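Here's the structure we're looking at; comments come further down.
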Amino acid sequence: MSRILCPLLFITITGTAPALDITSRDAWNALPFTTSELVLNPVLFVVIHHSEVPPACYTKRECTLAMQHIQNMHLEYKGWPDISYNFAVGGDGNVYEGRGWSQVGAYTPGYDKDSIGICLIGNWTEETPPQNQLDAAQELIQYGVDQGMINPDYMVLGHREISEVECPGDGLFAEISTWENFVEF
Ligand SMILES: *[C@@H]1O[C@H](CO)[C@@H](O)[C@H](O)[C@H]1NC(C)=O
Ligand SMILES: [Zn+2]
């Protein structure tokens, strides 16, 4: 019996952590992007946003539509070449791929090359995102560190700390202020 168990144990101990299940651009039907500027991974800053519009989504279907909505707004009204966020997290607990780990985002002049932006879909001006959404955002950051995409000594910022905006809302900002790697500018 022990001869059978030992190899299994060995595999368990040495096996790498499972990849985070990130909903790809194809899976949410993203339009193609035209950006090509790259960040310098591993990036030092993680900038947290809320979408404000559209409001919170709680199912894969709602969040898929929210991603399409955000991308359309950024293409049509902002005139950006793609959805501005590197990733978004839904109230369904899923992570959605935006520009991904290495494309420069469109929101943080001066920080673009050394940051990734993560949007928690919803209007978090007064309310706080549900725990599964907060957990998924933190899992994504840790996964980025594990993958060498985010500096292990990373700093978490709210968008409002580096731009004249309310984003990510008082509710979400109060929440991220409690995160270990949060820095106040
Ligand atoms: C976001 O929520 C705040 C507070 O509830 C509200 O005043 C504001 O109008 C909302 N924003 C949008 C775009 O709906
Ligand atoms: Zn923002």
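The values are calculated or read from the model by the stated rules, or taken from the named source; none is laboratory data. What you are looking at is a predicted structure, and each value in this text was computed from that prediction instead of being measured. When we count neighbours, we look across all protein chains shown, and the Cβ atoms used for this are built from the backbone with ideal geometry, even at glycine.
A few notes on this one:
- Residue check for THR125: outside any helix (DSSP H, G or I) and in contact with a Gly (Cβ under 9 Å, 6 or more places away or on another chain): yes
- Flag: TRP80 does not match the condition of being touching a residue at least 60 places away in the same chain (Cβ under 8 Å) and either away from ligand 2 (no atom under 16 Å from the Cβ) or of a type in the set (Phe, Trp, Tyr) (or both).
- Of residues in region 40-54 being crowded, with 16+ Cβ neighbours inside 10 Å and not in a strand (DSSP E or B), the one farthest from ligand 1 (Cβ to nearest atom): PRO42
- Among (1) closer than 18 Å to LEU20 by Cα; (2) surrounded by fewer than 20 Cβ atoms within 10 Å (Cβ to Cβ); (3) of a type outside the set (S, T, N, Q), the one test that ASP170 misses: (1)
- Some residue of region 56-76 being in contact with a Phe, Trp or Tyr (Cβ under 7 Å, 6 or more places away or on another chain), away from ligand 1 (no atom under 16 Å from the Cβ), closer than 20 Å to LEU20 by Cα and of a type in the set (Phe, Trp, Tyr): no
- If you go through region 112-122 and keep only what is at pLDDT below 95 and either more than 16 Å from ligand 2 (Cβ to nearest atom) or assigned to a loop (DSSP other than H, G, I, E, B) (or both), you end up with LYS113, ASP114.
- Among the residues of region 93-125, those that are farther than 20 Å from LEU31 by Cβ, surrounded by 23 or more Cβ atoms within 10 Å (Cβ to Cβ) and not polar (S, T, N, Q) comprise ILE116, ILE118, LEU120, GLY122, TRP124.
- Filtering region 61-86 to residues that are of a type in the set (Asp, Glu) and part of a helix (DSSP H, G or I) leaves GLU62, GLU76.
- Applying the condition of being of a type in the set (A, V, I, L, M) and under 25 Å from TYR154 (Cβ atoms) to region 45-67 and asking which residue is farthest from ligand 2 (Cβ to nearest atom) yields MET67.
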